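Input: a single structure, listed below in structure tokens.
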Amino acid sequence: MITAQVSVSVNEDANWLGYMHRFENVNGTKGNHIAGESFAATDLIALLSSDGSQSITLKPNTNLYNASDSYWSNGVGDGNKWMEANAYVEYSSGSYLGGVLTFSGNIDSYSLDTRYNLKAFIKEFTPTYALVNSSIEAISRTTTTFNFSYTPTNNNNIIQYGFVLEGLNANPATDWGKVVITSPFVDNNMEYQIVWSDEFNDDGRIYKSGNINPVDDEKWYHQTILPVGYPNGYNWYNSEQQHYTNRTVNSYVSDGTLKIVAKAEDFTDQGHTKQFTSARLNSKFAFTYGKVEVRAKLPTGWGTWPAIWMLGKNISEPETYWETQGYGTTPWPACGEIDIMEHWGKNQNYVSSAMHTPSSYGGTVNHGGQTISTASTEFHTYTLVWTDEKMVFSVDGVTHYTYNPDVKNDDTWPFNKEQFLLLNVAIESGTNNNTFVDTAMEIDYVRVYQLRPLSTPTISEDTLFEMWQNGKDKSIHLSAPTEIQNITVYNLVGQEVYHQKNLNRNDVIINPVIAKGVYVLKATSRNNSWVRKFLVN
């Protein structure tokens, strides 16, 4: 099983808990802790929706405040104690499935009085509730969204995510305002669904187990022609030193993954001899807005420069796939470039994302990255979420860069037009051919998602495919008319939380360890696929 990042937000079906801490009031600030007590979240601060809208309204002490009750005010009245009211969801000891936990939400409205402040949090406790660590985000009147992550140190610990509203306790006879937060995963009954992908699995047609398979030319195009006149017509852009080829020694599929191999070898093509070869693939699919996920393990070696990126379908670069189809009308950078992942062997384990537009390109100011200590020894999921508002880049669910220019025009945002994907391993200028013999970027899958209605016809109604859950052990049973090869489970933001390959059975039982919530299961055979939604409670 792949341990994936877990994304959470407001879920009206989750078990929301409430806990109030009392502190001494020291001139309007939080003093010494007095006591803490559990409450129902709905009685404390949290009013949860129940209509599928996935919203939570946070208000101070709407139900339980009693001015004559010493717990709340010691009989003095409004504002005697500093209160810290928590509404949260808890993973009990040992129940968290592992990996990064990301908590996000949209702030629909904020009218909270200034005597209160609101924060979102992820906290980790030992099994005896000793605080280990936490990640906290302040939510203010100007906040529109929040999105932050935390990696638990021990999956046997208690993990909580939620909200804390704190300030001087106030009599709710006065309207002290409220904050309404909704889940970013709900979009008018829409969800991310795969619209194009290459899983590189044995399909009995293009990719066959035990073989060195050419890349599927129905999905990919090998770009091999040297750019004319840059410089002098014999080098690639950025003075890259390789020839790109369509040979299987440079790009092939085997054992469920794509390999793009950079080799140190003398190779003559188009009248020029170079000391390196590699491959550069263009997708024969282009799209506007959506989510891209590429699960990859990166090459090593000084001078290597692997990239997962995108260019405008309208780019007038000779011999890109879309230029050969007649779409090349716009030069770079006016066509726009989106670098989902770049890695340089001279700076091992640092991965970067960047944007190139007429407003900033080449050595662009629009970039961000993070260090992944196992970038070349383990697979990681590189993700772009592209909306009409912004681009968000992450690795394994941890965001490292967001591009969201205040002014969106042709100079800053040529991204209202279709883009296509590119995969390549380049060799930087100045690299010696004794740096490495060969090294590969290995890719488990490439997936493109777009928002689609939940009622989309891709959810099969094939009555010969059956799925049911065991109420005792929560296992999921599948039965199909043909052999099931692969099973993938997604959460409603489209992130993979469970995956099994090469099952080759008509009847399958799986036991995905996943949190409570609604999920989408996709089962595939060689000629069919089935999609079902299910609930874990």
Kirkwood Rh, angstrom, the chain [1 / mean 1/r, Cα pairs]: 25.8
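Round to the nearest 0.05 the FRET efficiency obtained for Leu451 and Trp332 when R0 = 30 Å and r is the Cβ-Cβ distance. Please report the intermediate quantities before stating the final value.
Details: r = 29 Å, r/R0 = 0.95.
My answer for the efficiency is 0.55.
Need the full-extension length gain, Asn238 to Thr114, defined as separation in residues times 0.36 nm minus the C-alpha distance. One decimal, nm. Show your work: numbers first, answer last.
On the way: separation 124, 0.36 × 124 = 44.64 nm, distance 5.34 nm.
This chain segment gains 39.3 nm when fully extended.
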J(HN,Hα) series, segment 110-126, from Karplus relation 6.51 cos²θ - 1.76 cosθ + 1.60, nearest Hz, glycine and proline x: 9, 10, 5, 5, 5, 6, 10, 9, 10, 9, 9, 8, 10, 10, 10, 10, 5
Zone of Thr374's modelled label, taken as backbone nitrogen in segment 85-112 under 15 Å from a point 7 Å along Cα→Cβ: 98-100
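Roughly speaking, what is the stretch gain from Ile212 to Asp411, that is 0.36 nm per residue apart minus the C-alpha to C-alpha distance, in nm to one decimal? Walk me through the intermediate numbers first.
Numbers: separation 199, 0.36 × 199 = 71.64 nm, distance 4.41 nm.
Working it through step by step, the gained length comes to 67.2 nm.
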Residue exposure sequence - Met341, Met391 - by fewest surrounding Cβ within 10 Å: Met391, Met341
Length added when fully stretched, Tyr129-Asn27, from 0.36 nm per residue minus Cα-Cα: 33.7 nm
Approximate spin-label separation Glu37-Ala138, in nm, with each point projected 7 Å along Cα-to-Cβ: 3.1
Cα→Cβ-extended label distance, 7 Å offset, between Met467 and Phe267, nm: 4.2
5 angstrom amide H check on Tyr401, placed H, neighbours 5+ away: Phe393
Helix-derived mean residue ellipticity, 222 nm - over the chain, DSSP H n ≥ 4, -39500 (n - 2.57), to 500: 0 deg cm²/dmol
Trypsin sites (Lys or Arg not before Pro) within segment 390-453: DSSP coil, no more than 16 neighbouring Cβ in 10 Å: Lys390, Lys408, Lys417
Per-residue ³J(HN,Hα) for segment 473-489, Karplus 6.51 cos²θ - 1.76 cosθ + 1.60, θ = phi - 60°, Hz, x for Gly and Pro: 9, 6, 5, 10, 10, 10, 9, 10, x, 10, 4, 7, 9, 9, 10, 10, 10
Förster-model FRET efficiency, 25 Å R0, Val228 and Asn432, C-beta, rounded to 0.05: 0.35
By average C-beta atoms within 10 angstrom, highest first, the peptides 375-386, 196-207: 375-386, 196-207
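What FRET efficiency do you get for Phe534 and Asn502 if R0 is 30 Å and r is their Cβ-Cβ distance, rounded to the nearest 0.05?
Working: r = 23 Å, r/R0 = 0.76.
According to the calculation, E is roughly 0.85.
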Calculated from backbone phi, Karplus (6.51, -1.76, 1.60) coupling profile of segment 34-48 in Hz, x at Gly/Pro: 9, 6, x, 7, 7, 9, 5, 4, 5, 7, 9, 9, 9, 10, 8
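Readers should treat all values here as calculations from the given coordinates under stated rules, not as data from a laboratory. Everything numeric in this text was worked out from a predicted model, so none of it was measured. Reconstructed Cβ throughout: ideal geometry from the backbone, glycine too, with neighbour counts over all protein chains shown.
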